[in-house]
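I have placed the structure first, in the form of structure tokens, so that the comments after it can refer back to it.
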Amino acid sequence: MRQDDNDRPLFMISVAAELAGMHPQTLRLYERRGLVLPQRTAGKTRRYSQHDVERLHRIQELTDLGLNLAGVERVLAMEEQLETMRRQMQLLQQRLDEASEAMRREIERVERAHRMDLVPVGRGQVVHIGRRRRHA
């Protein structure tokens, strides 16, 4: 399934409840608490996406660990914040890599522009390069 497909409202409440292993009334309770937000059809029927079903599984995992719904809300909010920060870090790392590569190319360009060929000179020899200055 593509990422876009995960958010498509596909399942009626009875199907979503069965997929999540919960009673439909539990899904209504979670909706009232804001833990899951199914989309609505024009006739106001709830439709759950695959993402919603996965979120219901996560809620069930957390309640099985002994968290109450307030704890579940907090954990889910922290997980969302962590995911947002992970995406921001990934973007910043990409920008840093691009800036590093641009800096490396610029250093190479400057070094090439200022490169002077070295000529081997024997011991004791002095080589003057360029014009000699006249003393008045």
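The values are calculated or read from the model by the stated rules, or taken from the named source; none is laboratory data. All values reported here derive from a predicted model rather than from experimental measurement. When we count neighbours, we look across all protein chains shown, and the Cβ atoms used for this are built from the backbone with ideal geometry, even at glycine.
Being of a type outside the set (Phe, Trp, Tyr) and under 28 Å from the mean Cα position of the chain (by Cα) holds for only one residue in 8, 46, and it is 8.
Only residues that are within 19 Å of residue 75 (Cβ to Cβ), of a type outside the set (A, V, I, L, M) and touching a helix residue (DSSP H, G or I) at 6+ places or on another chain (Cβ under 8 Å) were counted across segment 1-43, and they come to 4. Within this structure, residue 46 passes the test of being of a type outside the set (Val, Ile, Thr), in contact with a helix residue (DSSP H, G or I) (Cβ under 6 Å, 6 or more places away or on another chain) and at pLDDT below 95.
Per-residue answers, yes or no, for (1) of a type in the set (A, V, I, L, M); (2) surrounded by 15 or more Cβ atoms within 10 Å (Cβ to Cβ):
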| site | (1), (2) |
| --- | --- |
| 29 | yes, no |
| 36 | yes, yes |
| 39 | no, no |
| 43 | no, no |
| 47 | no, yes |
| 52 | no, yes |
| 68 | no, no |
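Residues of segment 51-68 that are over 24 Å from the mean Cα position of the chain (by Cα) and in contact (Cβ under 8 Å) with a residue 40 or more places away in the chain: 60 alone.
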